[in-house]
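Here is the structure we will look at.
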Amino acid sequence: MNTEESSKAYPFLERAEQVFGLATKLTGQLISFSPGGNLQPIDIHPANPLKEEALSTLAGSGLTAEFDLAENLWPITVDPSQFRNVIKHMALNALEAMPLQSGGTLLIKAANESLPENHAKHPTLPPGCYVKISIQDYGCGISKENLPRIFDPYFSTKQLGAQKGMGLGLTLCDSIIRKHGGAITVESEPGKGTTFDIYLPAAAEKAESK
């Protein structure tokens, strides 16, 4: 429908378009939470999509990304679009945590890690070969009382605004990573920043040859 901006109906149509966009986005997020999740996993090398998605998300923000990626990273078996979605939301979370006016650096690391029996990294992770991706910001940090709730749906300490989400970003990341057999851990200190560690199982071929 071609409606002039001066038309009385225009504000209502514009608002309807915005609501439709939000509904579409929410539907996609709810699909990611569902048991099947519409996964299409393949073996990929994580370094390039990790860098591309982080740089794309931070472009024009005034923040920079610094990478420390092991050269011999093991391949991982993931749905590529959902893996990129996780990196995007993690970068957006850091973006909102750091003051734009003063700039800032997001440190992203990736390394191979073999978890032995009785490890203490995360209670749901069995022993095995993993790629560990660490995303560290130097923003406002998260208080101890809020830390256990950050992956809860709709929980957010952020005020609503143009760049603020609905409190689903970290929940979405946690859901996607768990469905890929991985886990996310977090450490934070108010006023100093936050580090998220993402553990994703190495591809079966690598795990079997280890």
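With the requirement that a residue be over 16 Å from Glu187 (Cβ atoms) and in contact with a helix residue (DSSP H, G or I) (Cβ under 7 Å, 6 or more places away or on another chain), what does the range 109-147 give you? Within the range 109-147, Ala110, Gly128, Cys129 meet the criteria.
Among the residues in the range 182-204, are any in contact with a His (Cβ under 9 Å, 6 or more places away or on another chain), among the β-branched types (Val, Ile, Thr) and modelled with pLDDT of 65 or more? Yes; the residues of the range 182-204 include at least one that is in contact with a His (Cβ under 9 Å, 6 or more places away or on another chain), among the β-branched types (Val, Ile, Thr) and modelled with pLDDT of 65 or more. Entry remark, the range 59-115: residues being buried (at least 17 other Cβ atoms within 10 Å of the Cβ) and on the phi > 0 side of the Ramachandran plot number 1 in total.
The values are calculated or read from the model by the stated rules, or taken from the named source; none is laboratory data. Please read all numbers here as calculations on a predicted model, not as lab measurements. Note that we place each Cβ from the backbone using ideal geometry, even for glycine, and neighbour counts take in every protein chain shown.
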